[in-house]
Amino acid sequence: MLSNLLLIVAMLVGILLWINAFRQKLVKLNENVGQAMKQIGVQLSSRFEILAILLRLAQHYAPYESDMLLEEMNTRRKVITAKSTPEDVLLQEKVIAEVIDGLNGLMMQHAELKDYDTFQRMMDAVQVYENMLKTSQLLYNDCVKKLNKEIQTFPYSLIAKLLGFSRKAHLSLEN
């Protein structure tokens with residue numbers, strides 16, 4: 001009788017240790033997803049900062065238009081954090097695309113902007129940060145894939161649900 005009780009207790013302790021180890025794995029995977037989202041936020045923030053510099057440079061040639069673009073960008077800009085969603089990222093990318101379109105329009109109206117060396121270097125930097133953003137987005141999707149795989153695998157799916165973990169959405173990389 002005592003040996004049966006010890007066996008049951010040992011099995012329960014083993015199950016609890018296994019559940020705790022799985023929970024720790026999910027916490028780590030979830031943190032990786034959050035860190036990857038924060039990195040996307042850093043890349044987006046860098047692009048916004050360069051766009052703001054470009055708009056300030058363009059003020060010498062088109063003060064009204066560049067001020068309007070800068071104000072619109074600052075109004076719609078949101079900080080991307082670990083808790084942000086892929087939809088939040090896509091909205092910020094849309095804001096950036098609209099500002100870049102506006103800057104391209106300014107360059108068409110004011111050809112001297114194309115010849116302004118600092119302006120061209122900053123436009124090139126916008127592209128560099130876009131490439132870095134794409135890399136960060138791929139990393140985010142990889143982290144989400146790993147987390148979702150663990151959450152969806154039986155019997156882990158039952159434990160993940162009990163522990164409050166849920167699937168994360170991937171970022172659309174259609175651009």
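The values are calculated or read from the model by the stated rules, or taken from the named source; none is laboratory data. Owing to the predicted nature of the structure, the values given are computational and were not obtained by experimental measurement. Counting neighbours? That spans all protein chains shown, and the Cβs are built from the backbone with ideal geometry, glycine included. Just the protein is used for accessible areas: all its heavy atoms, side chains included, with ligands, DNA and RNA removed. Shrake-Rupley method; radii C 1.70, N 1.55, O 1.52, S 1.80 Å.
For the chain, what is the mean residue ellipticity at 222 nm derived from helices alone (per DSSP H run of n ≥ 4: -39500 (n - 2.57); sum divided by total residues; nearest 500 deg cm²/dmol)? One gets -28500 deg cm²/dmol as the mean residue ellipticity at 222 nm. The solvent-accessible area of Asp124, taken with every protein chain present and a 1.4 Å probe, is close to 90 Å².
By the rule of a C-alpha distance below 17 Å, with chain neighbours fewer than 8 residues away ignored, the aspartates and glutamates paired with Lys114 are Glu65, Asp101, Asp124.
Rg and Dmax of the stretch 116-175, both derived from C-alpha coordinates alone, stand at 18.5, 62 Å. Compared with the rule-of-thumb size 2.2 N^0.38 Å for a compact globular protein, the stretch 18-69 has a Cα radius of gyration ratio of 2.08. Here the stretch 1-62 and the stretch 131-175 have alpha carbon centers that stand 10 Å from each other. Normalising the Debye intensity of the stretch 97-138 to I(0), with uniform scatterers on Cα atoms only, and taking log10 at q = 0.16 Å⁻¹ returns -0.47. Of all alpha-carbon pairs in the stretch 76-175, indicate the percentage at a distance above 18 angstrom. More than 18 Å apart: 61 percent of the Cα pairs in the stretch 76-175. Computed from Cα atoms, the angle from the helix 63-76 axis to the main principal axis of the chain rounds to 10 degrees.
Three principal axis extents describe the C-alpha atoms of the stretch 51-108; from largest down they are 39, 16, 14 Å.
Under a 1.4 Å probe, what is the accessible area of the chain per residue, stated in Å²? Write down the numbers at each step before the final one.
Values: 10910 Å² over 175 residues.
Ligands and nucleic acids excluded, the figure is 62 Å² per residue.
Under the combined filter of DSSP loop state and at most 12 neighbouring Cβ atoms within 10 Å, the stretch 82-165 retains none of its GluC sites (Glu not before Pro). In the stretch 1-152, Rg over Rh equals 1.32, where Rg is the alpha-carbon radius of gyration and Rh the Kirkwood radius from pairwise Cα distances. Applying both filters, DSSP loop and at most 16 other Cβ atoms within 10 Å, to the trypsin sites (Lys or Arg not before Pro) of the stretch 90-175 gives Arg167. The charge dipole of the stretch 1-64, taken about its Cα centre with unit charges on the Cβ of Lys, Arg, Asp and Glu (plus for the first two, minus for the last two), comes to roughly 40 debye.
At a 1.4 Å probe radius, which order do Arg77, Arg56 fall into by accessible area, largest first? Mind dumping the intermediate values first?
Numbers: Arg77 75, Arg56 120 Å².
From most accessible down to least: Arg56, Arg77.
Cross-link partners for Lys83 among the lysines, with Cα-Cα distance under 22 Å and sequence neighbours closer than 8 places in the same chain left out: Lys25, Lys28, Lys38, Lys94, Lys134, Lys145, Lys146, Lys149, Lys161, Lys168.
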